[in-house]
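Below is one structure, written out as structure tokens; comments come after it.
The values are calculated or read from the model by the stated rules, or taken from the named source; none is laboratory data. Quick caveat, the model's predicted, so the values are computed rather than measured. So basically every Cβ, Gly included, is an ideal-geometry build from the backbone, and we count neighbours across all protein chains shown. Accessible surface is based on the protein model in full, side chains and every heavy atom, while ligands, DNA and RNA are left aside. Shrake-Rupley method; radii C 1.70, N 1.55, O 1.52, S 1.80 Å.
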Amino acid sequence: IGGTGSANKLDDYEEGTWTASVTNGGTFTIGTNTCTYTKIGNLVHIKFFLTFSAVSGDSNFFTIGGLPFTINSTQANYGANPIMVDNLTSLTGVTLSQLGIGNTTFILIASNGGTTTHTGVAGNQINTNTAFRGTITYQV
């Protein structure tokens, strides 16, 4: 931006770690939980790598919670970001995305709808060999 005035000063920068949790879709014991974030102003960029040591999934949509900051309400269902997922029980050959849900601290893992609407990945499609690797940027 240039200049020396206080309006040009970056005064809201933070880096850290966060602990992911499963907030829907069954009971999961997370084995690997490597999660980091960078917050600059009202934008938060998160990265995560998750594996599971025990899984008891149900038919409800699987959501990852524990994000370090609440997603802005105007961000509801915006910012679909690709995610890398290994070893799902089903859903082969589909593109998966992650969606931040406004006024929450969780994201939904969903399949691309194509010619229909998208749908969430159910907890019973995840097993102990499943791994999630993702990044998402959202507003607070």
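Things worth noting here:
- Pair list, Cβ < 6 Å and 6+ apart or interchain, from region 95-107 residues that are within 13 Å of ILE46 (Cβ to Cβ) to residues that are outside any strand (DSSP E or B): GLY100/ILE71; GLY100/GLN75; GLY100/GLY79; THR105/LEU67; THR105/THR70
- So GLY26, is it over 16 Å from the mean Cα position of the chain (by Cα), modelled with pLDDT of 95 or more and on the phi > 0 side of the Ramachandran plot: yes
- Single residue of region 67-76 satisfying the filter (assigned to a helix (DSSP H, G or I) and open to solvent by 50 Å² or more (accessible area, probe 1.4 Å)) that is farthest from GLY26 (Cα to Cα): THR74
- Only one entry in LEU99, LEU108, LEU91, LEU50 is at pLDDT below 85, aliphatic (A, V, I, L, M) and either more than 24 Å from THR128 (Cβ to Cβ) or not in a loop (DSSP other than H, G, I, E, B) (or both), namely LEU99.
- Restricting region 55-66 to residues that are open to solvent by 40 Å² or more (accessible area, probe 1.4 Å) and in a strand (DSSP E or B) leaves a set whose member that is farthest from THR32 (Cα to Cα) is PHE61.
- Every pair of residues 6+ apart whose Cβ atoms lie under 7 Å, when the first sits in region 111-139 and is within 30 Å of THR38 (Cβ to Cβ) while the second is of a type in the set (D, E, K, R) and modelled with pLDDT of 90 or more: GLY123/ASP58; THR135/LYS47
- Residues located in region 22-47, provided they are open to solvent by less than 50 Å² (accessible area, probe 1.4 Å) and assigned to a loop (DSSP other than H, G, I, E, B): GLY25, GLY41
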